[in-house]
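Below is one structure; the comments refer to it alone.
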Amino acid sequence: MVVVAICFAVAALSAKLGLSLALGAFLAGLIISESEYGHHSLGLVMPFRNLLVSFFFVSIGMLLDPGTLAKYWWMVLLGAIGLMLAKTVTGTIAVQALRYPLRVSLGTGLALSQVGSSPSSWPPWPRASRFSPRTCVRGSWLSPSSPWR
């Protein structure tokens, strides 16, 4: 109960100072994680975190419109292949810069190409282009490690 009070107090203090509530909650998390009760608090919060993560992924899945997928299947396929190819190339170049062998670099690039179908990989202009969050959701179905395979 004290942990929740600390979170609300630090978040309210950050809002009072003109900062965001999210920054206040982050700072409260840092304070609590460094205390002697950090591990115990984490154990209490993890079930709630897992519940919220499941809500997030269910809401992303609800963005999927099967009608649009059937209508624009070729655009979705080309977008997913293009995105995965770009991520493979950039991952390979990044590992090559660390002077690993080409085989290791290419394997790493291929492994990383199927990761990151989250809002952080969406462009800030989804409505202005043909690229949308739905493309990311559909692209994750094409991944070799996809649970739907």
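Read-outs throughout are calculated quantities, based only on the coordinates presented, and are distinct from any laboratory measurement. Note that the structure is predicted; figures quoted are calculated from it, not measured. Note that we place each Cβ from the backbone using ideal geometry, even for glycine, and neighbour counts take in every protein chain shown.
Just a few scattered comments:
- Between residue 111 and residue 52, the simple spin-label model (points 7 angstrom out along Cα→Cβ) gives 3.0 nm.
- The loop-placed trypsin sites (Lys or Arg not before Pro) in region 26-120, going by DSSP, that have at most 12 neighbouring Cβ atoms within 10 Å of their Cβ come out as 99.
- Measuring r between the beta carbons of residue 39 and residue 65 and using R0 = 35 Å, the FRET efficiency lands at 0.25.
- Residue 94 versus residue 13: modelled label distance in nm, points set 7 Å from Cα along the beta carbon direction: 3.6 nm
- For region 1-52, chymotrypsin sites (Phe, Trp or Tyr not before Pro) are listed when DSSP marks them as loop and at most 14 other Cβ atoms sit within 10 Å of their Cβ; the list is 37.
- Pair residue 104, residue 81: separation of 7 Å Cα→Cβ label points (nm): 3.2 nm
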